[in-house]
1. Once you keep just the Cα pairs under 8 angstrom separated by 6 or more residues, what percentage relative contact order results for the stretch 2-121?
2. At 0.36 nm per residue, minus the direct Cα-Cα distance, what do GLN55 and ARG90 gain on full extension? Give it in nm, one decimal, please.
3. Could you list ILE63, ILE38, ILE33 so that the one with the fewest beta carbons within 10 Å of its beta carbon is first and the one with the most is last?
4. Angle check, please: helix 85-94 long axis (alpha carbons) against the longest principal axis of the chain (alpha carbons), in degrees 0 to 90, nearest 10.
5. For the chain, what is the Kirkwood hydrodynamic radius in Å, using each pair of distinct C-alpha atoms?
6. Which residue, ALA20, VAL75, TRP108, has the largest displacement toward the positive end of the dipole of the chain when charges sit on each Cβ (Lys, Arg +1; Asp, Glu -1)?
7. Got a sec? How would SER32, SER6 order by Cβ neighbour count within 10 Å, fewest to most?
8. Figure the gain on full extension for ASP106 and THR46 (residue separation times 0.36 nm, minus the Cα-Cα span) and round it to one decimal in nm.
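Where a number appears in this text, it was derived from the coordinates with a stated rule and is not lab data. A quick note: this is a predicted structure, and the numbers were derived from the prediction, not measured. Positions of Cβ are backbone-derived with ideal geometry, glycine not excepted, and every protein chain shown enters the neighbour counts.
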Amino acid sequence: MLRCRSLLSTHEVGRLAVPADSGPVVVPVDYSIVEGGIVFRTAPGTTPAQADGHQVAFEADRIDEAFSEGWSVLVRGPATTVTDPDEVARLEEQAYSAPWAGGRRDLWLRIEPVAVTGRRITVA
């Protein structure tokens, strides 16, 4: 699990699986690891914002198709909106990723990892 957390810290974009009325939706988000949690910012009313208060899945991976190798890490846990102004200020300072989707993204969410699994992909 420690290796999985280390791999997550090497990337900036992952995929968030959010429950929706019509079934799960998977969207890319740029993220950071802060104090063991996965944090990302979005805008109110967006698909990632719907993660608040739900159990979600988050995946990041690196695949090198030329060498047929890479890794994949899956995190599951509750997502919550960060509302404490001091914590929001700390995230603004510590989170190294910036939203690449464009527009204002002032709503911070945090995924608290409950289950972390991963695998390496290598040539046999």
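1. 31 percent
2. That pair, GLN55 and ARG90, stretches by 10.2 nm at full extension.
3. ILE63, ILE33, ILE38
4. With both axes taken from Cα atoms, the answer is about 40 degrees.
5. Mean inverse Cα-Cα distance, inverted, gives 14.9 Å.
6. VAL75
7. SER6, SER32
8. Gain in length upon complete extension: 20.4 nm.
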